[in-house]
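The values are calculated or read from the model by the stated rules, or taken from the named source; none is laboratory data. These figures come from a predicted structure and were not determined experimentally. Reconstructed Cβ throughout: ideal geometry from the backbone, glycine too, with neighbour counts over all protein chains shown.
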Amino acid sequence: MTDYPYLDRMPKFERDGIPSLTGFRRESVAAKVVLAVRDPLVVGEGAGEDQIVAELEGAEQVARTGLFTTYTGRFRGVPISVVLGGSGSPEAELALMDLFNYTDCDTVIRIGGCGAWGEKVRVGDIVISSGAVRDEGMTKAHVRAEYPAVSDWRVVAAMAAEAKAIGHPFHVGITRSGDSEYCGWGKPGPGGYLQDEHKQIIDYWRRAGILNTDREAAAILTLSSLYGRRGGAVSSVGDNVVTGEPHRSGSGQRNAILVGLGALARLAEEGQ
């Protein structure tokens, strides 16, 4: 890239080799990482905002900035780091780029909540993403829209095995990730603002077989694959607007956490 005149002028947000946005240190971040948000919509039924961290043995805070807080502990004896930050694809990009540039992370998964659009998906079920619709903007800055957002098959298999082991209802399929929580989701903006195109969104993707919708899966799957890591996502279902099943905060979240952490431990136990 010696012919790129702006390369040396790009600001490097780091101090003494430590990235300023995340504070990651190579020696304190595990190879297996959970990327999650502090989401008030998944609090309840035994799953608090820090429930992922609470499931780890000997968890210690290893980094904290204005954007992200990171803990490292062990699950079934396997080192796992949990990065907690804000919601959405652009925020996920910041964490992922620092993970890939400053740590030895080889696998990263999303654990969080979602809304269901599949008729067979019930509130409290778990959805394991086999792939994602890139209906957000950030990933298109890295690679063209034709590039697929696909989960690593080993991560999917490990999560499915963990879900079977605990006996919790789960589905494997395609997630739609978007940036908007309002018009881009078919939900009116202030004053009831909604265009005809917005009214078609849910039925369009429902007919295409989408199981659920979230904000981060496409980012994790696309960038992990693009930059040579393994990515995955597992979500607890909080509501289903298609079937009319109402929102139940925290429903299924602890089991989603156990599936995600268990999958990372299983991969390590199998030498992957």
For segment 66-97, give me each residue that is surrounded by 22 or more Cβ atoms within 10 Å (Cβ to Cβ) and more than 19 Å from residue 53 (Cβ to Cβ).
89, 96
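State all residues of segment 231-256 that are surrounded by 24 or more Cβ atoms within 10 Å (Cβ to Cβ) and on the phi < 0 side of the Ramachandran plot; if no residue qualifies, say none.
In the first step, residues of segment 231-256 are kept if they are surrounded by 24 or more Cβ atoms within 10 Å (Cβ to Cβ); the result is 231-238, 252-253, 255-256.
If the condition is that a residue be surrounded by 24 or more Cβ atoms within 10 Å (Cβ to Cβ) and on the phi < 0 side of the Ramachandran plot, then 231, 232, 233, 234, 235, 236, 237, 238, 253, 255, 256 are the ones that fit.
Is at least one residue of segment 137-151 part of a loop (DSSP other than H, G, I, E, B) and closer than 26 Å to residue 187 by Cα? Break it down stepwise before answering.
If we filter segment 137-151 for residues that are part of a loop (DSSP other than H, G, I, E, B), which is where we start, we get 137, 142-148, 151.
Applying the additional criterion that residues be closer than 26 Å to residue 187 by Cα yields 137, 145.
Yes - at least one qualifying residue is present in segment 137-151.
Residues checked against (1) in contact with a Gly (Cβ under 7 Å, 6 or more places away or on another chain); (2) at pLDDT 95 or above:
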residue	(1), (2)
51	no, no
75	no, yes
81	no, yes
93	no, yes
105	no, yes
122	no, yes
135	yes, yes
142	no, yes
Of all helices (runs of 4 or more DSSP H) fully inside segment 181-272, the set with 1 or more residues that are modelled with pLDDT of 95 or more and over 20 Å from the mean Cα position of the chain (by Cα) is 196-199, 201-207, 253-269
Identify, please: which residue in segment 64-92 is in contact with a Ser or Thr (Cβ under 8 Å, 6 or more places away or on another chain) and not in a strand (DSSP E or B) and is, among those, farthest from residue 231 (Cα to Cα)?
65
Looking at segment 147-166, can you tell me whether even one residue there is out of contact with any His (no Cβ under 9 Å at 6 or more places or on another chain), of a type outside the set (A, V, I, L, M, F, W, C), without any contact (Cβ under 8 Å) to a residue 12 or more places away in the chain and closer than 21 Å to residue 206 by Cα?
no
Quick one: is residue 212 farther than 23 Å from residue 91 by Cβ, touching a His at 6+ places or on another chain (Cβ under 9 Å) and touching a residue at least 12 places away in the same chain (Cβ under 8 Å)?
no
Quick test of your reading of the structure: residue 137 fulfils all but one of (1) more than 27 Å from residue 263 (Cβ to Cβ); (2) surrounded by 14 or more Cβ atoms within 10 Å (Cβ to Cβ); (3) in contact (Cβ under 8 Å) with a residue 24 or more places away in the chain; (4) not polar (S, T, N, Q). Name the failing condition by number.
(2)
Within segment 1-33, take every residue that is assigned to a loop (DSSP other than H, G, I, E, B) and charged (D, E, K, R) and give me the one that is nearest to residue 229 (Cα to Cα).
25
Residue 174 meets each of (1) touching a residue at least 40 places away in the same chain (Cβ under 8 Å); (2) part of a loop (DSSP other than H, G, I, E, B) with one exception, condition (2)
Could you tell me whether any residue of segment 143-164 is surrounded by 16 or more Cβ atoms within 10 Å (Cβ to Cβ), under 30 Å from residue 17 (Cα atoms) and over 14 Å from the mean Cα position of the chain (by Cα)?
no
